[in-house]
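Working notes, structure below.
The values are calculated or read from the model by the stated rules, or taken from the named source; none is laboratory data. Predicted model, so just to flag it, every value in this text is computed and none were measured. Here the Cβ positions follow ideal geometry from the backbone for every residue, glycine too, while neighbour counts run over all protein chains shown. Side chains are part of the model used for accessible areas, which takes the heavy atoms of the whole protein and leaves out ligands, DNA and RNA. Shrake-Rupley method; radii C 1.70, N 1.55, O 1.52, S 1.80 Å.
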Amino acid sequence: MLHFLDVTSGYGHKEVLKDVKFSIDPKDFIGIIGPNGSGKSTLLRTATKIIKPSKGEIYLERKRLDKISLKELSRSVAVVPQDTITTFPFKVMDMVLMGRIPYIENRLGLESKEDIRIAYESLKSVDAMDLEDRYVDELSGGERQRVIIAKALAQKPKILFLDEPTTHLDIAHQVEIFSLLKKLNAETGLTIVTILHDLNLASEYCDKLILLSEGRIKKQGVPSQVLDYETIEEAYKTCVIVKENPLTSRPHIFLVKK
Ligand code: ADP
Ligand code: MG
């Protein structure tokens with residue numbers, strides 16, 4: 001459904017992603033991992049047309065990305081950015097309704113009954129109906145993230161991209177958000193592509209991983225193909241031990257003290 005064919009992209013003359021090639025199939029749950037500065041966010045910006053590749057081609061459902069208008073794109077792809085600014089006191093419901101903007105046509109920006117129904121459905125699917133009348137700047141980190149995901153779901157996307165959605169959350173809320181994403185993926189077939197730092201979360205929740213290092217794909221495949229100790233040590237320049245989680249058979253990474 002999304003194909004990167006030898007894509008190079010970056011900022012001005014600076015090439016960040018280099019000859020990146022991968023495919024995402026419908027219903028995939030993909031994790032993008034790699035050290036700081038390896039190009040993960042740049043990959044997401046390239047996939048969502050924020051930056052244009054200098055080489056290579058990207059196809060979304062057999063259509064070349066540069067032939068897809070931003071409005072059309074935002075009906076099939078939604079993004080949960082790394083840091084959504086929520087200092088403005090929007091009501092939760094109004095924030096979720098912003099996800100309907102790509103569908104509002106010549107109606108002076110007024111939402112229809114259908115938009116409101118979809119906004120409620122989105123809040124419900126992230127288990128946040130009780131937050132409807134709250135203000136987003138007064139929510140806890142975990143609540144806020146669920147509302148931001150609800151806004152993205154209100155776009156009715158086929159692919160949901162997330163950039164480190166749990167970085168500021170404690171372990172309980174990390175698991176809560178990833179379990180929620182897993183449920184959406186399993187029950188609605190939503191394709192999920194998420195950048196994440198925590199290799200163990202990546203291993204447990206993602207079906208496939210793409211490991212970036214210095215702008216290139218170092219490895220991609222199921223977690224057990226990507227998360228071996230040599231690969232991790234080379235990419236992150238850190239000593240680790242990898243053992244199989246006895247409950248899930250997925251690789252588990254242990255840090256080694258210096
Ligand atoms: P990651 O998300 O893996 O931490 P990024 O994709 O954000 O990495 O960044 C990769 C490289 O691109 C870094 O060297 C970073 O400094 C550079 N970069 C990121 N955003 C910009 C920008 N807006 N302008 C110029 N360089 C940028
Ligand atoms: Mg980033």
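Taking Cα centre as origin and charging only the Cβ of basic (Lys, Arg, +1) and acidic (Asp, Glu, -1) residues, the dipole magnitude of the chain rounds to 800 debye.
For V16, the residues 5 or more places off, or on other chains, whose built amide H falls under 5 Å of its own are S9, G10, Y11. Couplings 3J(HN,Hα) for segment 156-165, derived from phi with the Karplus relation 6.51 cos²θ - 1.76 cosθ + 1.60 (θ = phi - 60°), are 6, x, 8, 10, 10, 9, 10, 10, 6, x Hz, where x marks Gly and Pro.
Per-residue accessible area (protein heavy atoms, 1.4 Å probe) orders F88, F161, F254 as F88, F254, F161, starting from the largest.
Among DSSP beta bridges lying fully in the chain, give the percent that are antiparallel, nearest 5. Present the calculation step by step, with values, prior to reporting the outcome.
Working: 25 of 42 bridges.
Bridges in the chain are about 60 percent antiparallel.
Each 5 Å bin from zero holds the following percent of Cα-Cα pairs in segment 147-207: 4, 17, 32, 28, 14, 4.
Using helices alone, I'd like the mean residue ellipticity at 222 nm for the chain: each DSSP H run of four-plus residues gives -39500 (n - 2.57), total over residue count, nearest 500. Walk me through the intermediate numbers first.
Details: 9 runs with 86 residues, N = 258.
Helices in the chain give a 222 nm mean residue ellipticity of -9500 deg cm²/dmol.
Where a ≥ b ≥ c are the square roots of the eigenvalues of the C-alpha gyration tensor, would you call segment 92-158 rounded, which needs a/c under 1.5, or, failing that, prolate if a/b is larger than b/c, or oblate?
Working: a/c = 2.05, a/b = 1.73, b/c = 1.19.
It is prolate, given that a/c is not under 1.5 and a/b is the larger ratio.
Near G56, the amide H atoms lying under 5 Å from its own belong to T8; only residues 5 or more places off or on other chains count, and H is placed 1.01 Å from N. To the nearest 10, the accessible area of E15 is 90 Å² with a 1.4 Å probe. 3J(HN,Hα) couplings calculated from phi for segment 20-27 with the Karplus curve 6.51 cos²θ - 1.76 cosθ + 1.60 (θ = phi - 60°) are, in sequence order, 8, 9, 7, 10, 10, 9, x, 6 Hz; Gly and Pro show x. Converting phi to 3J(HN,Hα) with the Karplus coefficients 6.51, -1.76 and 1.60 and the offset θ = phi - 60°, segment 185-190 yields 4, 6, 8, 10, x, 4 Hz in sequence order, with x at every glycine or proline. For segment 45-68, backbone nitrogen atoms closer than 14 Å to the point 7 Å from T8 Cα along Cα-to-C-beta are found at 53-57.
What's the whole-number percent of alpha carbon pairs in the chain lying beyond 27 angstrom?
Numbers: 12969 of 33153 pairs.
Result: 39 percent of Cα pairs exceed 27 Å.
Rounded to the nearest angstrom and listed largest first, the equivalent-ellipsoid semi-axes of segment 1-135 from its Cα gyration tensor are 32, 18, 15.
Starting from the amide H of V80, placed 1.01 Å from N in the peptide plane, find each other amide H under 5 Å away whose residue is 5 or more places distant or on another chain. Close amide H contacts, sequence-distant or interchain: F161, L162, D163.
Listed by chain and number, the lysines placed with their C-alpha closer than 20 angstrom to that of K219 are K18, K21, K40, K208, K237, K243; residues fewer than eight positions away on the same chain are left out.
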